[in-house]
Amino acid sequence: MPMRDVRIAPSLLAADFGRLADEVTAIAKHADSLHLDIMDGHFVPNISFGMPVISALRAVTDMYFDCHLMTTNPDAYVPQLAEAGANLLTMHIEAVPDPTRAAKRVRDAGLEFGLVINPSTPFTGVAPFLELVDLLLIMSVEPGFGGQSFMEDVLPKVEAAREWVESNDLAVDIQIDGGITSETAPLARMAGANVFVAGTAIFGSHDPAEAINELRQAIEDK
Ligand code: DX5
Ligand code: ZN
């Protein structure tokens, strides 16, 4: 079964917010993209950061910015996120009433588009829309907070997504987010994920660059 390249996306949520530029600079050459969790306190019970932080970081790095929108009405922020320097916007299927319209808005702004599904949302809820996306993000924790434990019961959904992508010959990355460590990432890899988000396992480590290399090694050893 052909697989797209393994990619590691550190989640900024676990970084030291008092020294974000340094945190990002330290991992830039080791990571494949930067995962930015935008939370509005409505779609999830937490508030993180938004456009001003993204544009400030865009000034210090040319990393690929993968923005995971945990907001209600995510379509509303597309122009501002493009202006701030985002490259990919992922929107929760639970928050997007019209994925076709959302995809068009994102692409018209010159960005890549992805959809996200929560642990409790079945794969059938997103499958009909996979032709619209560059990436499908499968949550392996309830969204809203870092540092939670990986939910192994999402693995069959990763397998179903990989099977669908391959059998329909789609160029769609499968990203996994939540509780990813050197122990859990190989499970997600075997199920078919190829983009691995990790917050605590990377920025919670004393050496984030080395933690990325260890994670990549654990995945590639599988
Ligand atoms: C949770 C976020 C995650 C989070 C992952 O809602 O979507 O990206 O930062 O954190 P860890 O890797 O600590 O589970
Ligand atoms: Zn995320």
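Which residue, of Phe129, Phe113, is away from ligand 1 (no atom under 14 Å from the Cβ), assigned to a strand (DSSP E or B), out of contact with any Phe, Trp or Tyr (no Cβ under 9 Å at 6 or more places or on another chain) and within 21 Å of Val165 (Cα to Cα)?
Unique residue meeting the criteria: Phe113.
So how many residues does the stretch 127-141 have that are without any contact (Cβ under 8 Å) to a residue 40 or more places away in the chain and under 14 Å from the mean Cα position of the chain (by Cα)?
Residues in the stretch 127-141 being without any contact (Cβ under 8 Å) to a residue 40 or more places away in the chain and under 14 Å from the mean Cα position of the chain (by Cα): 4 in total.
Return yes or no: is Ile174 free of Cβ contacts under 8 Å to residues at least 40 places away in the same chain, buried (at least 17 other Cβ atoms within 10 Å of the Cβ) and of a type in the set (Val, Ile, Thr)?
Taking the combined requirement at face value, the residue satisfies it.
For the stretch 22-36, what are the residues that are free of Cβ contacts under 8 Å to residues at least 40 places away in the same chain and in contact with a helix residue (DSSP H, G or I) (Cβ under 7 Å, 6 or more places away or on another chain)?
Selection gives Val24, Leu34.
Would you please name the residue that is surrounded by the most Cβ atoms within 10 Å (Cβ to Cβ), looking only at residues in the stretch 13-52 that are aliphatic (A, V, I, L, M) and more than 19 Å from the chain's Cα centre (by Cα)?
Here the answer is Ala26.
Look through the stretch 132-159, keep the residues that are in contact with a Pro (Cβ under 9 Å, 6 or more places away or on another chain) and in a helix (DSSP H, G or I), and return whichever of them is surrounded by the fewest Cβ atoms within 10 Å (Cβ to Cβ).
Among them, the one singled out is Asp153.
So, restricting to strands (runs of 3 or more DSSP E) that lie completely within the stretch 1-89, which ones have at least 1 residues that are in contact with a Lys or Arg (Cβ under 8 Å, 6 or more places away or on another chain)?
Answer list for the stretch 1-89: 7-10, 65-70.
For (1) under 22 Å from Ala31 (Cα atoms); (2) buried (at least 22 other Cβ atoms within 10 Å of the Cβ), each residue gets a yes or a no:
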position: Ala82; (1), (2): yes, no
position: Ala86; (1), (2): yes, yes
position: Val96; (1), (2): no, no
position: Asp108; (1), (2): no, no
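When the stretch 167-218 is examined, which residues are found to be hydrophobic (A, V, I, L, M, F, W, C) and assigned to a loop (DSSP other than H, G, I, E, B)?
Leu170, Ala171, Val172, Ile180, Ala193
Return the residues of the stretch 90-110 that are under 19 Å from Ser33 (Cβ atoms), away from ligand 1 (no atom under 16 Å from the Cβ), outside any helix (DSSP H, G or I) and not aliphatic (A, V, I, L, M); say none if nothing qualifies.
The answer is Gly110, and nothing else.
Taking Thr61 and the conditions (1) in contact (Cβ under 8 Å) with a residue 40 or more places away in the chain; (2) within 20 Å of Asp207 (Cβ to Cβ); (3) among the β-branched types (Val, Ile, Thr), which numbered condition does it fall short on, given that it satisfies the others?
(1) is the only condition that Thr61 fails.
Any read-out appearing in this document is the output of simple, stated calculations on the displayed coordinates, not a laboratory observation. Just so it is clear, the model here is predicted, and its values are computed rather than measured. All Cβ positions, glycine included, derive from the backbone under ideal geometry; neighbour counts span all protein chains shown.
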